[in-house]
Amino acid sequence: MRTFTTTTLIAALAALPAAAHADEAGDADSIIVTASRSEQKLSEAGQSVTVIDSMLIEQRQTVSVAELLRTTPGVTIARNGGPGGFTGVFIRGAQSEQTVALIDGVKINDPSSPGGGFNFADLLTDGVERIEILRGPQSVLWGSQAIGGVVNLITRAPTETPQLSATGEYGRYGTGHLTANASGTAGPVALSAGAGYLTTNGISAFARGPERDGYDLFGAHAKAVITLDERLSIDLRGLYTRSKVDLDGFAPPTFAFGDTSEYSRQEQIVGYAGINAGLFDGRLNNRLAIAYTLIDRDSYDRALTPRKTLAGRGRNLRYEYQGVAEIADWANGTFGAEHEKQSYRTFDSFSGRQKRRANTDSAYADIHLKPAAGLSMGAGIRHDDHSGFGGATTMSADTAYSPNGGATLIRASYGEGFKAPSLYQLYGDFGNPALVPEKARGFDAGITQQLLDGAIEASATWFTRKVRNQIDFDLSTFAYGNLAAVRARGVELGLKLRPAEGFTVDANYTYTKAVNRQRSDPNFGKDLARRPRNSVNVSADYAWPFGLKTGATITHLSRSYNDAGNFTRIDGYALVDVRLAYPVTDRIELFGRVENLFDQRYQTATDYGQPGRAATAGVRLRY
């Protein structure tokens, strides 16, 4: 089957406007915003944070955000088939629904999905300037679902001078990808806007199927900053994406998984409007904002009449205030309040239409101190009041210490997380209004050591997390229940080498043991589904003196299991990607890559195929 599908994520704004000014000068001095919801040096954060900057995004040539994330410590993904198939992101062995996804600080998780999580399939790197991955329970600042961690996509900020850029590429499977971006400032208004389109004939989602399941995604975004005076500004941002993907499913009369004529359409809207005001000579910065997200999904089967089999619409409307106060030269605090209205509407051919909603009121505070040279300490608390289940309180603490100006950095953090039951789990066909939140406690500690003036950087982090009241489907009652307990432990090792000018090597290894700890469960002691224990990523890049840039990435994951009982094994695999780029002029660059160089046949979910070897060539223009 030949079907076109298009997608591009070009993101909507920063709910954290300071993120636009992140300093890329060096790793230790990079400014991050996700760990504390305000500007903070990476070297002063006690939490485990990985930063992917714009240079690395362009260098890797990776189109999918999820595929870029899986090369970072502690992160794995599972995708149902090729591009466009449902894509879950697992951080340190947590469920994909326990990952918070943000675009410029705006939460984009889907209230209409069964677990309330987010499908990363339609997130592309187009328009993304920076990605921050925050690992471990982080609910104090980011609320419900931040049990595994947080992924924050920070989009391109408007530029002072007019800039235009465009890319075009084409490769195997009939895959074409076009993007265009424009940016500039006129008087008090700074504007950045862009659009993109991706289409591919795809592969069969069913691993042994002969047909191709296409994918298609279009996206557009705009971001405006209006400066009223030195201490007062307005932010307006918007994002729109529309996608279509062909699916495989379970057709009668056998209801065995195989090629079918099903497909799904999705639209996503993200909107943000905020006013920023500085008081007391900038020692108190205030932000008052409204954020809106909508995800509208429809599924169809051409073999049925009527064709529509499923529909889901999830909305989030959030009002928020955040203040950042400089209490003293050695102390600052972040505090805020939020009111969120969450709703969903669903339709399926079995139960018809359903409509539910819930409200959450939240307040949080976080303080960071620098009581001595090289020492940073933080602590926070949050309370959420949910209209369905009541209240949840979470706390956190972290510290970072460097005795020698950053050459050695010791970190430790404690965090609590919770996940509110989704609207579907509370009120859907198999819902249970008596559900309580999932709760987690996590701790990690690590050290980073630089040698030879930063030419060598080695790091090691140990982590542990316990989750109780995890929500699963109860086969004895045919309803959701707080049935599970989970423990995850592991280590993350990293190595960065800069042996010569223009030559870089980045490597990481993660061991994660995520197991069922519910003693009443027959699966007690078994690995959680789709959680490989070992993952290795190695990337090497070299910029030649005459302008050519070459690189390669190796990704290896060990075996895992597709089910909670560990009956169906998913074999381990290794992937090799190679790439090159050459600047023809200051404004024109040619690039190309080969993904899955050795044509590895692998799966991340049983019976769902993944693309084989694929070569791509493209051109990048800048004006």
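Report yes if some residue within region 207-222 is out of contact with any strand residue (DSSP E or B) (no Cβ under 9 Å at 6 or more places or on another chain) and either among the polar types (S, T, N, Q) or surrounded by fewer than 17 Cβ atoms within 10 Å (Cβ to Cβ) (or both); otherwise report no. Outline the logic, then answer.
The first filter runs over region 207-222 and keeps only residues out of contact with any strand residue (DSSP E or B) (no Cβ under 9 Å at 6 or more places or on another chain), leaving none.
Checked against the condition, which is being out of contact with any strand residue (DSSP E or B) (no Cβ under 9 Å at 6 or more places or on another chain) and either among the polar types (S, T, N, Q) or surrounded by fewer than 17 Cβ atoms within 10 Å (Cβ to Cβ) (or both), region 207-222 yields no hits at all.
Counting only strands (runs of 3 or more DSSP E) that fall entirely inside region 176-252 and contain at least 2 residues that are among the polar types (S, T, N, Q) and at pLDDT 95 or above, the qualifying elements are 189-203, 232-251.
Here is the figure for region 365-400: residues that are within 24 Å of Ser43 (Cα to Cα) and surrounded by 23 or more Cβ atoms within 10 Å (Cβ to Cβ) total 7.
Consider region 146-201 and keep the residues that are touching a Pro at 6+ places or on another chain (Cβ under 6 Å) and surrounded by 20 or more Cβ atoms within 10 Å (Cβ to Cβ). The one that is farthest from Pro611 (Cα to Cα) is Ala190. For region 257-279, check the following and say yes or no: at least one residue is crowded, with 19+ Cβ neighbours inside 10 Å, within 18 Å of Asp126 (Cα to Cα) and touching a Ser or Thr at 6+ places or on another chain (Cβ under 7 Å). Yes, some residue in region 257-279 is crowded, with 19+ Cβ neighbours inside 10 Å, within 18 Å of Asp126 (Cα to Cα) and touching a Ser or Thr at 6+ places or on another chain (Cβ under 7 Å). Looking at region 95-118, which of the residues that are among the small types (Gly, Ala, Ser) and modelled with pLDDT of 95 or more is nearest to Pro421 (Cα to Cα)? Result: Ser96. Quick one: is Met395 touching a His at 6+ places or on another chain (Cβ under 9 Å), touching a residue at least 24 places away in the same chain (Cβ under 8 Å) and within 27 Å of Ser48 (Cβ to Cβ)? So Met395 fails the test.
If you go through region 47-56 and keep only what is over 18 Å from Tyr542 (Cβ atoms) and in a helix (DSSP H, G or I), you end up with just Ser54. Output the residue which, of all residues in region 46-72 that are of a type in the set (Gly, Ala, Ser) and either in contact with a strand residue (DSSP E or B) (Cβ under 6 Å, 6 or more places away or on another chain) or modelled with pLDDT under 95 (or both), is surrounded by the fewest Cβ atoms within 10 Å (Cβ to Cβ). The residue in question is Ser54. I'd like to check something: does region 470-487 contain any residue that is surrounded by fewer than 19 Cβ atoms within 10 Å (Cβ to Cβ), touching a Pro at 6+ places or on another chain (Cβ under 8 Å) and in a strand (DSSP E or B)? For region 470-487, residues surrounded by fewer than 19 Cβ atoms within 10 Å (Cβ to Cβ), touching a Pro at 6+ places or on another chain (Cβ under 8 Å) and in a strand (DSSP E or B): absent.
Only residues that are part of a strand (DSSP E or B) and aromatic (Phe, Trp, Tyr) were counted in region 546-592, giving 4. When we screen Tyr511, Tyr561, Tyr542 for residues that are touching a Ser or Thr at 6+ places or on another chain (Cβ under 6 Å) and modelled with pLDDT of 95 or more, the only hit is Tyr542.
Once region 391-421 is narrowed to residues that are in contact with a strand residue (DSSP E or B) (Cβ under 8 Å, 6 or more places away or on another chain) and part of a loop (DSSP other than H, G, I, E, B), the residue that is farthest from Leu375 (Cα to Cα) is Pro421.
You will find that of Asn332, Asn359, the residue that is of a type in the set (S, T, N, Q), surrounded by fewer than 16 Cβ atoms within 10 Å (Cβ to Cβ) and touching a strand residue (DSSP E or B) at 6+ places or on another chain (Cβ under 9 Å) is Asn359 and no other. Within region 156-172, can you find the residues that are outside any strand (DSSP E or B) and of a type in the set (S, T, N, Q)? Listed by number, the residues that qualify are Thr159, Thr161. Count of region 116-155 residues, restricted to those that are hydrophobic (A, V, I, L, M, F, W, C), closer than 10 Å to Thr99 by Cα and either free of Cβ contacts under 8 Å to residues at least 24 places away in the same chain or in a loop (DSSP other than H, G, I, E, B) (or both), is 3. Cβ separations smaller than 6 Å between residues 6+ apart or across chains give the following pairs from region 255-279 residues that are part of a strand (DSSP E or B) to residues that are among the basic types (Lys, Arg): Ser261/Arg302; Arg265/Lys244; Gln266/Arg297; Glu267/Arg242; Tyr272/Arg237; Gly274/Arg287; Asn276/Arg287; Gly278/Arg231.
When we screen Thr360, Thr334 for residues that are in contact (Cβ under 8 Å) with a residue 12 or more places away in the chain, closer than 19 Å to Phe389 by Cβ and polar (S, T, N, Q), the only hit is Thr360. Of all residues in region 291-321, those satisfying the criterion of being closer than 16 Å to Pro252 by Cβ and not in a strand (DSSP E or B) are Arg302, Ala303, Leu304, Thr305, Arg307. What single numbered condition from (1) at pLDDT 95 or above; (2) buried (at least 16 other Cβ atoms within 10 Å of the Cβ); (3) of a type in the set (A, V, I, L, M) fails to hold for Leu495? Of (1) at pLDDT 95 or above; (2) buried (at least 16 other Cβ atoms within 10 Å of the Cβ); (3) of a type in the set (A, V, I, L, M), only one is false for Leu495: (2). The set of residues in region 422-447 being of a type in the set (A, V, I, L, M) and in a loop (DSSP other than H, G, I, E, B) consists of Ala434, Leu435, Val436. Take Arg613 and tell me if it is farther than 30 Å from Lys513 by Cβ, in contact (Cβ under 8 Å) with a residue 40 or more places away in the chain and surrounded by 18 or more Cβ atoms within 10 Å (Cβ to Cβ). Considered against the rule, which asks whether it is farther than 30 Å from Lys513 by Cβ, in contact (Cβ under 8 Å) with a residue 40 or more places away in the chain and surrounded by 18 or more Cβ atoms within 10 Å (Cβ to Cβ), Arg613 comes out as no. So how many residues does region 537-591 have that are of a type in the set (A, V, I, L, M, F, W, C), free of Cβ contacts under 8 Å to residues at least 24 places away in the same chain and either more than 30 Å from Thr604 (Cβ to Cβ) or surrounded by 12 or more Cβ atoms within 10 Å (Cβ to Cβ) (or both)? Number of matching residues: 3.
The values are calculated or read from the model by the stated rules, or taken from the named source; none is laboratory data. No experiment lies behind these values; they were computed from the predicted model shown. Quick reminder, even Gly has a Cβ in these numbers, built from the backbone with ideal geometry, and neighbours come from all protein chains shown.
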